[in-house]
Amino acid sequence: MAECVNDSDAEGRISYGDYVVLKRGDVFKSVQVENKKKVVFEKQWFFLDNAVGQLYGTRFEIEAGGSLKLKITILFSPVTDSKEAGQDNRHIVDDGRSQKLSRDDIETLKEQGLKGQEIVQQLIDNSTTFKDKTEFAQEKYIKKKKKKYESDITILKPSTRLLAMMYHGREPGKICHLRYDTLAQILTLGNIHAGSKIIVFETCAGLVLGSVMERMGGYGSVIQMYPGGGPTRAGMESFGFPSHFHETLHEFPLCKVNALLAGTLDLSEKDETSGVSEEKNSEHQSMEVSVDPQEEMRRAERERLREQRAQEKKVKMEEKRKKLASAAALLEGRNADGLVIASRFHPCPVLMGLLKFVAPSRPFVVYCQYREPLIECYTKLREQGGAISLRLTDSWLRHYQVLPNRTHPVLLMSGGGGYLLSGTTVAADAAKARNQHKSEEPVAKRLKLDKISSSCDSSA
Amino acid sequence: MSFVEYSEIIQEGDVVIIFLGHESMMPIKVQSGAQTQTRYGVIRHSSDLIGQRFGSKVTCSKGGWVYVLHPTPELWTVNLPHRTQILYTTDIANITLMLELKPGSVVCESGTGSGSLSHSILRTIAPTGHLHTVEFHAQRAEKAMQEFKEHKVSHLVTVRNHDVCKDGFGTTAIADAVFLDIPSPWEAITHAKSAMKRKGGRLCSFSPCIEQVQRTCEALLDHGFEEICTLEVLLRVHDVRTVSLPLPDFGPEEGSVDSSQMASDVGQEEVPNTGNTSVICRTAKPPREMAGHTGYLTFATKPLN
């Protein structure tokens, strides 16, 4: 296999500074490759330096001392005594004493440098009940031991799939318990694609933002609305996007939305020098007091630092103003191609506020961990108009174990993955009348409710 | 208009979606001088559509109105003419995520069928990716090619008319992802593997029957695929309703508990002066029936060579 991998080889190799995803079995972790930095993953610690220059997707084993070594893939089938197996478990007594090796023995074997698969072989050889187990039970036993003692890790390129599964498995609270299949729905229902202009409001650690950016491929623009001090982007960084992707990303604070809608948002350049001159005055006064040359030097130094900091602050403020202006320019046209909301905030006001920035005939998707807030959104939208094809949904997800004669759904299943409200915007005029005309409630029910409300009026 | 790029104004030759009301839509091809009949009257393309903004309300001849929508793969999926059973948005969304599709991805697909998934893939991989789709039925392959042209996406797709199990995808070592929706996917695994890039890739097979899934998983294992995972996903719709629930009459009681007390016990607002009082609940209920099965999705990773 001497031929080199032609397809964008450089892109396919692990480098320092890259964000990668470590995988061991079904467990994932996102880390950045740094020089001689200790990484802890699945109760093991190691350094990633030996991985640099290798291709993504490479499997490694962890040597004593924490360095990575390329894993040579030999398909391991443990040797079992002449395929001896039992028919069923009627005589197998689980007294916890069938394994002759103690925990200390196994530690010793590990210290002797025995590889994972060799340890598994030892465990089989020292189990009194192994030969009595059924073939299926033997396979299950081997699989379980392999999972525990074979400590290979694979280094992968980040993707929405891996990061969404990682967050949902490790820290669901950080992403409002958004399950990966629900995220899949958001991206597809929202018609997220290259070249569009999407508004995102999320408090999912940046995972939703990152997945939207991945689907846009660096084309178009994403405006991230943020609630407080600044936008959260940690999860987005884990995607390891090339730098030009960041140029498509804008941010806009929610607290300025009303001003923008009213047309009163102040984007003019401000003179920040007033604060600096005050400090200068107080400094000037104290200058009168001491004439000591050392003191003089230190004061001059402090003065210089103060000016430097003031200058940096000025530059930062200007940058911030420019960013605000560019985001405002994108929003002002009220022609965004889509809206994605996934946060711990009550979705109703967020949705009603941000929908104003979306063009007609464009999709929007709102995620909420709970159902009732979305029912409120639905009701409000029906009253107000401007949206059609409203749907409140959630998805049911089930994994299967597929093995010969042992195929069945997996025993534990996800209880829920959150709820979505999706719809399409339309031109707002007369939409209200349209919605009453095309009410989804059956006629009989509507008449009854009308009767109730009219009798209220008459008795007032 | 195109299925991979938004535009603002309707033009001649566009495919647009007419929204008539709840769960009622139809696709039409905009042509100068043409007319379309709807239950609300006639839509005249030249005056009512061409030059109008997508999302506008259009008044038809009988006085009723409709909305004109920009096509999307999701709208297309529920409105396209079926030549075969199709994949719906719920499965499509998961396939897209699990195959890690994005702009620039190269995808191999078989069978093309009615093009439901194809349109969604094209939208996701545009503008720099490519879809190689194989359909063994000559007329369906032809119809698919026609539609891709009309929808202005043919530069992103190559349709081939042959049997993928015998002749593969027509290319090798170029795909980031392979999708199979055929009767015997296990027969196409070798070809799928060779179509995928050497650095690895993702595979998905969609099968309605568990027996097909079992044979496919076995074949995947034999060919060295990893991370083999089978799942199914179903969408549950919640119909939002405002319901009125009557309160019972337990007869008069000492210390008179009146109906407003009962209503507040239930935690809802009372509807006054209706004799037998009721409370209003804003809730959502499931539909009477729902799609219980579409197919099993089996995913796998082809590892680095």
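The values are calculated or read from the model by the stated rules, or taken from the named source; none is laboratory data. Computed from a predicted model, the values in this text were never measured in an experiment. Reconstructed Cβ throughout: ideal geometry from the backbone, glycine too, with neighbour counts over all protein chains shown.
How many of the residues in the stretch A:360-375 are under 30 Å from B:Arg53 (Cβ atoms) and either under 27 Å from the mean Cα position of the chain (by Cα) or more than 8 Å from chain B (Cβ to nearest Cβ) (or both)? Before you say what the answer is, go through the steps one by one.
If we filter the stretch A:360-375 for residues that are under 30 Å from B:Arg53 (Cβ atoms), which is where we start, we get A:360-367, A:374.
Narrowing further to those that are either under 27 Å from the mean Cα position of the chain (by Cα) or more than 8 Å from chain B (Cβ to nearest Cβ) (or both): A:362-367, A:374.
Number of matching residues: 7.
Would you pick out the residues in the stretch A:324-351 that are within 14 Å of chain B (Cβ to nearest Cβ) and of a type in the set (D, E, K, R)?
A:Arg334, A:Asp337
Regarding the stretch A:58-80, can at least one residue be identified that is at pLDDT 90 or above and in a loop (DSSP other than H, G, I, E, B)?
yes
Within the stretch A:376-386, count every residue that is more than 8 Å from chain B (Cβ to nearest Cβ) and within 30 Å of the chain's Cα centre (by Cα).
Total satisfying the criteria: 3.
Does the stretch B:43-54 contain any residue that is outside any loop (DSSP other than H, G, I, E, B) and in contact with a helix residue (DSSP H, G or I) (Cβ under 9 Å, 6 or more places away or on another chain)? If you could, list the steps in order and put the result at the bottom.
As a first pass, look at the stretch B:43-54 and keep what is outside any loop (DSSP other than H, G, I, E, B): B:43-49, B:53.
Checking which are in contact with a helix residue (DSSP H, G or I) (Cβ under 9 Å, 6 or more places away or on another chain) leaves us with B:43.
Yes, that holds for at least one residue.
Looking only at the stretch A:387-408, which residues are at the interface with chain B (Cβ under 7 Å from one of its Cβ atoms) and not in a loop (DSSP other than H, G, I, E, B)?
A:Ile388, A:Arg391, A:Leu392, A:Thr393, A:Asp394, A:Ser395, A:Trp396, A:Leu397, A:Arg398, A:His399, A:Tyr400 - these are the residues of the stretch A:387-408 that are at the interface with chain B (Cβ under 7 Å from one of its Cβ atoms) and not in a loop (DSSP other than H, G, I, E, B).
Restricting the search to the stretch A:188-199, which residues are surrounded by 24 or more Cβ atoms within 10 Å (Cβ to Cβ) and not hydroxyl-bearing (Ser, Thr, Tyr)? Even if it seems obvious, please write down each step before you answer.
Our first condition is that a residue be surrounded by 24 or more Cβ atoms within 10 Å (Cβ to Cβ); within the stretch A:188-199, this holds for A:188-193, A:198-199.
Correct list: A:Leu189, A:Gly190, A:Asn191, A:Ile192, A:His193, A:Ile198, A:Ile199.
Which ones in the stretch B:1-38 are under 10 Å from B:Phe54 (Cα atoms), in contact (Cβ under 8 Å) with a residue 60 or more places away in the chain and surrounded by fewer than 21 Cβ atoms within 10 Å (Cβ to Cβ)?
Result: B:Met1, B:Ser7.
Tally the residues that are surrounded by fewer than 19 Cβ atoms within 10 Å (Cβ to Cβ), without any contact (Cβ under 8 Å) to a residue 60 or more places away in the chain and over 22 Å from A:Leu354 (Cα atoms), restricting the search to the stretch A:223-256.
Residues that pass the stated criteria total 6.
To keep it simple, each residue is scored yes or no on (1) more than 30 Å from B:Cys209 (Cβ to Cβ); (2) outside the structural domain of A:Met213 (by the TED database); (3) hydrophobic (A, V, I, L, M, F, W, C).
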{"site": "A:Leu331", "(1), (2), (3)": "yes, no, yes"}
{"site": "A:Asp337", "(1), (2), (3)": "yes, no, no"}
{"site": "A:Ser343", "(1), (2), (3)": "yes, no, no"}
{"site": "A:Gln384", "(1), (2), (3)": "yes, no, no"}
{"site": "A:Ser395", "(1), (2), (3)": "no, no, no"}
{"site": "A:Tyr400", "(1), (2), (3)": "no, no, no"}
{"site": "A:Leu403", "(1), (2), (3)": "no, no, yes"}
{"site": "A:Gly417", "(1), (2), (3)": "no, no, no"}
{"site": "A:Ala428", "(1), (2), (3)": "yes, yes, yes"}
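Only one residue in A:Glu171, A:Glu214, A:Glu202 is more than 27 Å from A:Lys256 (Cβ to Cβ) and buried (at least 24 other Cβ atoms within 10 Å of the Cβ). Which one? Quick ask: steps written out before the conclusion?
On the way: A:Glu171 fails: buried (at least 24 other Cβ atoms within 10 Å of the Cβ); A:Glu202 fails: more than 27 Å from A:Lys256 (Cβ to Cβ).
Going through A:Glu171, A:Glu214, A:Glu202 in turn, just one is more than 27 Å from A:Lys256 (Cβ to Cβ) and buried (at least 24 other Cβ atoms within 10 Å of the Cβ): A:Glu214.
Tell me, yes or no, whether the stretch A:420-434 has at least one residue that is assigned to a helix (DSSP H, G or I) and closer than 26 Å to A:Gly263 by Cβ. Steps first, answer last, please.
Of all residues in the stretch A:420-434, those assigned to a helix (DSSP H, G or I) come to A:431-434.
Now narrow it down to the ones that are closer than 26 Å to A:Gly263 by Cβ: A:431-432.
Scanning the stretch A:420-434, I find at least one residue that is assigned to a helix (DSSP H, G or I) and closer than 26 Å to A:Gly263 by Cβ, so the answer is yes.
Among (1) more than 20 Å from A:Pro363 (Cβ to Cβ); (2) touching an Asp or Glu at 6+ places or on another chain (Cβ under 8 Å); (3) among the β-branched types (Val, Ile, Thr), where does B:Thr36 come up short?
(2) is the only condition that B:Thr36 fails.
Restricting to the stretch A:92-125, what's the tally of residues that are under 25 Å from A:Glu61 (Cα atoms), in a loop (DSSP other than H, G, I, E, B) and among the polar types (S, T, N, Q)?
Here is the first cut: in the stretch A:92-125, the ones under 25 Å from A:Glu61 (Cα atoms) are A:101-125.
With the extra rule that they be in a loop (DSSP other than H, G, I, E, B), the set shrinks to A:101-102, A:112-115.
The next check asks that each one be among the polar types (S, T, N, Q); those that pass are A:102, A:112.
Of the residues in the stretch A:92-125, 2 are under 25 Å from A:Glu61 (Cα atoms), in a loop (DSSP other than H, G, I, E, B) and among the polar types (S, T, N, Q).
Which members of the stretch A:169-186 meet the condition of being in contact with a His (Cβ under 9 Å, 6 or more places away or on another chain), under 16 Å from A:Arg344 (Cα atoms) and in a helix (DSSP H, G or I)? Lay out the reasoning, then the answer.
Within the stretch A:169-186, the subset in contact with a His (Cβ under 9 Å, 6 or more places away or on another chain) is A:175, A:177-180, A:183.
Still in the list and also under 16 Å from A:Arg344 (Cα atoms): A:175, A:177-179, A:183.
If the condition is that a residue be in contact with a His (Cβ under 9 Å, 6 or more places away or on another chain), under 16 Å from A:Arg344 (Cα atoms) and in a helix (DSSP H, G or I), then A:Ile175, A:Leu183 are the ones that fit.
Within the stretch B:1-54, restricting attention to residues that are under 23 Å from B:His119 (Cβ atoms) and acidic (Asp, Glu), which residue is farthest from the other protein chains (Cβ to nearest Cβ)?
Filtering first and then ranking leaves B:Glu12.
Could you list, in sequence order, the residues of the stretch A:237-255 that are among the hydrophobic types (A, V, I, L, M, F, W, C), in contact with a strand residue (DSSP E or B) (Cβ under 8 Å, 6 or more places away or on another chain) and more than 10 Å from A:Val222 (Cβ to Cβ)?
A:Phe239, A:Phe252, A:Leu254
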